[in-house]
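Asker: First the structure, then my questions, so here it is.
All of the numbers you see were taken from the coordinates with simple rules; none came from a lab. Here the structure is a predicted model, which is why all the values come from computation and not from measurement. Ideal geometry is used to build each Cβ from the backbone, glycine not excepted, and the neighbour counts take in all protein chains shown.
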2 protein chains.
Amino acid sequence: MSGSGAPTASLPAEDPTGLQSFAVLLRRMNSEFNRIAQEFAQEQGLHLTDMQALIAILDADSDPDAAGEPMTPGRLRGQLNLTSGAVTACLDRLERAGHIRRVRDAGDRRVVHLHYAEAARGLARDYFRPLARSTDAARGRFSPEELEVVVRFLAEMNAELALLRRHSA
Amino acid sequence: MSGSGAPTASLPAEDPTGLQSFAVLLRRMNSEFNRIAQEFAQEQGLHLTDMQALIAILDADSDPDAAGEPMTPGRLRGQLNLTSGAVTACLDRLERAGHIRRVRDAGDRRVVHLHYAEAARGLARDYFRPLARSTDAARGRFSPEELEVVVRFLAEMNAELALLRRHSA
DNA sequence: TAAAGTATCTCAATGATTGAGAGATACTAG
DNA sequence: CTAGTATCTCTCAATCATTGAGATACTTTA
């Protein structure tokens, strides 16, 4: 610390539940997640983009919560912040590797629905298993009441972040 | 959900503090963070990689907690999972844009220390401000005792993730 | 001093991403 | 029903970040 400009400085982040603590913890968690994701993707010969796309497809396809509809290239484009060309290339790679199938929608034939192949499920499981184990290990150290608090916080946090998303759009 | 292989299936994630809920919440949070980071980077004409590098440099340079030492290309390489060429290119971009300076270490002259320029601080502030606001908004809805629980959970989670990192290395 | 080790950089090749535009299909109004 | 407009996906040449082997400069050990 060079004690530079900012008059708000010299807060040694001593408050363990202060904003600073949260910022540090959340940032670190994000970094770790990303590093793990990237490492796994690399091991599988995939790119981080491919991995993100695959997970988004799996989520949409198996989770009726998201929208009930399977993923489409267009939605992926928005969700991953890619251009159309990049989405096509990414899906080409995933399809060539046998992780997904493209299926023309019967109703609107401009639309392509993205379905995962069974192999992709295994891949996702392999990816999530260690993360799940870690999460479970952490969960195990808290009482049900405490877990409820944590879940509530995460939900609130997500709601705020979603808000932030719209705000800047 | 096609009710495939796994005998652990058919958990409709009804348990609001179950592992499933945590997985979904954490994953979503991670995605949002990444999307926000990427959008911001794009607005600034930077890449996500550059942004991550810049933050790592800022953290190391201003946070004595990390190591006391400023960041170096070598450490960045490990932290961001890049090759040497990519690190050099990334630092070239950041230096050209005036965000960082490269300074040869006096003691070991093979080593380059990375320091941020003042402009970079402003950039980081602009990046973190909305995130801080969101975090604060969420924080505001919890009692001090509850916040303590959340912080403890995040810390535990990070500890587990760090463990995971070593395990796979 | 020689040899081995370490930190960073160089550069040609690779390949993901961009971005404009084409092609195909859907809606909407005359 | 037809023309016109909007939407969804894909194509393709250009761009540019990344890779990876090696060069360079410095340090440490023998």
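Asker: Which one of A:ARG125, A:ARG77, A:ARG110 has the biggest mean-square fluctuation once chain A is modelled by GNM with Cα springs under 10 Å?
Answerer: A:ARG110
Asker: What Rg and what Dmax come out for chain B when only alpha-carbon atoms are used, in angstroms?
Answerer: Reported Rg and Dmax, both Å: 19.9, 63.
Asker: Could you pull out which residues in region A:34-56 have an amide N less than 13 Å from a spot 7 Å beyond the Cα of B:ASN81, following the Cα-Cβ vector?
Answerer: Inside the label zone: A:34-52.
Asker: For the protein assembly as shown, restrict the atom set to alpha-carbon positions and state the Rg and Dmax in Å.
Answerer: 21.0, 69
Asker: If you don't mind, another one. With charges set only on the Cβ (+1 for Lys and Arg, -1 for Asp and Glu), what does the dipole of chain B come to about its Cα centre, in debye to the nearest 20?
Answerer: Dipole magnitude for chain B comes out near 600 debye.
Asker: In nm, one decimal, shortest first: how far is the label point of A:GLY140 (7 Å from Cα along Cα to beta carbon) from the matching points in the other copies?
Answerer: Distances to the matching label points in the other copies: 3.9 nm.
Asker: In nm, one decimal, shortest first: how far is the label point of B:ALA117 (7 Å from Cα along Cα to beta carbon) from the matching points in the other copies?
Answerer: 4.9
Asker: Any idea what the B:VAL103 label distances to the other copies are, label 7 Å down the Cα→Cβ vector, nm, shortest first?
Answerer: Computed spacing set for this position: 6.1 nm.
Asker: For chain A, what does the helix formula give at 222 nm: sum of -39500 (n - 2.57) over DSSP H segments with n ≥ 4, over the residue count, nearest 500 deg cm²/dmol?
Answerer: -21500 deg cm²/dmol
Asker: Span-like helices, chain A: DSSP H, alpha-carbon axial extent 27 Å or more, mean Kyte-Doolittle -1.0 or greater, which ones?
Answerer: Result, helices passing both filters: A:19-43, A:118-139, A:144-168.
Asker: Still on this structure, I have one more. Identify, among B:SER84, B:PHE40, B:LEU19, the residue whose Cα sits farthest towards the positive end of the charge dipole of region B:19-141, taking +1 on the Cβ of Lys and Arg and -1 on the Cβ of Asp and Glu, with the dipole about the Cα centre.
Answerer: Of the options given, the answer is B:LEU19.
Asker: Next up: Counting other C-beta atoms within 10 Å, and keeping those with at most 12, which DSSP coil GluC sites (Glu not before Pro) do you find in region B:14-107?
Answerer: B:GLU14
Asker: Could you tell me which residue out of A:LEU161, A:ALA132, A:VAL112 lies farthest along the dipole of chain A toward its positive end? Charges go on the beta carbon: Lys and Arg +1, Asp and Glu -1, centred on the Cα centre.
Answerer: Of A:LEU161, A:ALA132, A:VAL112, it is A:VAL112.
Asker: Assigning unit charges at the beta carbon (Lys, Arg +1; Asp, Glu -1) and nothing else, what dipole magnitude in debye, to the nearest 20, does the protein assembly as shown show about its Cα centre?
Answerer: 1140
Asker: While we're looking at this one, here's another question. Report the Cα centroid-to-centroid distance between region A:67-99 and region B:79-157 in angstrom, as an integer.
Answerer: 30
Asker: When a/c is below 1.5 the answer is rounded, else prolate if a/b is larger than b/c, else oblate, so apply that to region A:70-169 with a ≥ b ≥ c taken from the square roots of the Cα gyration tensor eigenvalues.
Answerer: oblate
Asker: What number, in percent, do you get for the relative contact order of chain A if the mean sequence gap of Cα pairs under 8 Å and at least 6 apart is divided by its residue count?
Answerer: After rounding, I find 14 percent.
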